[in-house]
Amino acid sequence: MTSTLELAPKKRKITKQQILDLTNDLIDEYIREKNWRTPEDIRLDIQDMYETVIYPRIEYTLVTSLNLGHLENNKILGKTVPQERVILLDNSISPPNYDPRYPFTFGHEIGHAFCHTDEPESFRCSQDEISSTDSLSPKEADANFFSANFLMPEFLVKLNFHRCYNPKRPFAYYGKGQEYCFTAYGSTRIIRIDSYSHFCVTLAKPLTTFFSNVSKTSLGLRIHNLGLVLNYSKERILEDVSNIGSILKNIS
Ligand SMILES: [Zn+2]
């Protein structure tokens with residue numbers, strides 16, 4: 001078992017590669033614990049992952065019954081207190097009020113718990129920080145990177161994307177207002193697509209069930225970041241990513 005202290009040395013910034021190695025290690029352990037024989041059997045569940053591989057390693061208690069309030073009009077969705085070894089998730093998104101923002105927020109706070117374990121400060125994370133693709137503080141960006149890779153590992157997103165759509169060639173976006181013909185799990189329908197972000201989110205929708213029922217916008221952003229949809233339109237990708245970020249704020 002890898003020590004988190006080795007991966008996050010005191011006063012030294014954790015690298016993206018270290019975060020990736022850590023999430024891969026956690027996923028590998030979870031798959032072994034679940035005894036899944038083939039990649040097709042894998043179905044990630046953040047609550048079960050917390051109980052199976054997170055708590056045994058770091059022993060952070062989970063509290064989901066409190067209203068965490070606001071910070072400058074931004075709703076606080078999650079909080080991590082390293083000194084008390086506790087993760088709090090706002091009761092408005094936590095079960096039984098299950099909200100699609102819950103899994104990504106949970107993953108984000110677990111990211112703080114692993115990556116910033118020696119910090120004297122606590123982390124109070126607003127919806128903007130958790131969903132934004134805008135420039136964030138390095139620690140918030142670390143936590144989002146952890147959450148994306150822990151909840152939606154690259155190999156599993158690609159595997160399920162190909163199982164669902166069985167694409168003969170890469171999906172390509174040609175511009176606003178076009179109709180696209182999708183065949184997902186063998187069933188075909190035609191959908192009018194309004195933007196590149198809409199395309200990514202539409203493709204993500206049938207796949208969220210494999211990834212803790214994460215929001216379709218979070219998975220759409222992941223599909224974009226993994227390069228699974230080619231953008232041949234004149235829309236600049238960066239502008240479109242911030243568009244996905246604003247969708248996340250509104251409907252995730
Ligand atoms: Zn945070």
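Would region 97-109 turn up any residue that is within 12 Å of the ligand (Cβ to nearest atom), under 18 Å from His224 (Cβ atoms) and free of Cβ contacts under 8 Å to residues at least 12 places away in the same chain?
no
Could you check Thr61 against (1) within 20 Å of Ser94 (Cα to Cα); (2) surrounded by 12 or more Cβ atoms within 10 Å (Cβ to Cβ) and say which number it fails?
Among (1) within 20 Å of Ser94 (Cα to Cα); (2) surrounded by 12 or more Cβ atoms within 10 Å (Cβ to Cβ), Thr61 violates only (2).
Out of the residues in region 202-222 that are buried (at least 24 other Cβ atoms within 10 Å of the Cβ) and β-branched (Val, Ile, Thr), which is farthest from Tyr30 (Cα to Cα)?
Across region 202-222, the extreme among qualifying residues is Thr217.
Which of the helices (runs of 4 or more DSSP H) contained wholly in region 1-110 include at least 3 residues that are of a type outside the set (Lys, Arg) and modelled with pLDDT under 95? Spell out the reasoning first.
Details: elements: 4-7, 16-34, 46-49, 55-58.
Because the criterion is at least 3 residues that are of a type outside the set (Lys, Arg) and modelled with pLDDT under 95, the helices (runs of 4 or more DSSP H) in region 1-110 that meet it are 4-7.
Considering only region 142-155, I want to know if a residue exists there that is modelled with pLDDT of 95 or more, part of a loop (DSSP other than H, G, I, E, B) and within 14 Å of the ligand (Cβ to nearest atom).
No, because not a single residue in region 142-155 is modelled with pLDDT of 95 or more, part of a loop (DSSP other than H, G, I, E, B) and within 14 Å of the ligand (Cβ to nearest atom).
Within region 54-99, work out how many residues are farther than 19 Å from Glu140 by Cα, in contact with a Ser or Thr (Cβ under 9 Å, 6 or more places away or on another chain) and polar (S, T, N, Q).
Summing the residues that are farther than 19 Å from Glu140 by Cα, in contact with a Ser or Thr (Cβ under 9 Å, 6 or more places away or on another chain) and polar (S, T, N, Q) in region 54-99 gives 5.
Quick check on Lys216: is it over 25 Å from Ser94 (Cα atoms), basic (Lys, Arg) and not assigned by TED's automatic domain parsing to the domain that holds Met49? If you could, list the steps in order and put the result at the bottom.
Working: over 25 Å from Ser94 (Cα atoms): no; basic (Lys, Arg): yes; not assigned by TED's automatic domain parsing to the domain that holds Met49: yes.
Against the criterion (over 25 Å from Ser94 (Cα atoms), basic (Lys, Arg) and not assigned by TED's automatic domain parsing to the domain that holds Met49), Lys216 does not qualify.
The values are calculated or read from the model by the stated rules, or taken from the named source; none is laboratory data. What you are looking at is a predicted structure, and each value in this text was computed from that prediction instead of being measured. Here Cβ is always computed from backbone atoms with ideal geometry, including for glycine, and neighbour counts include all displayed protein chains.
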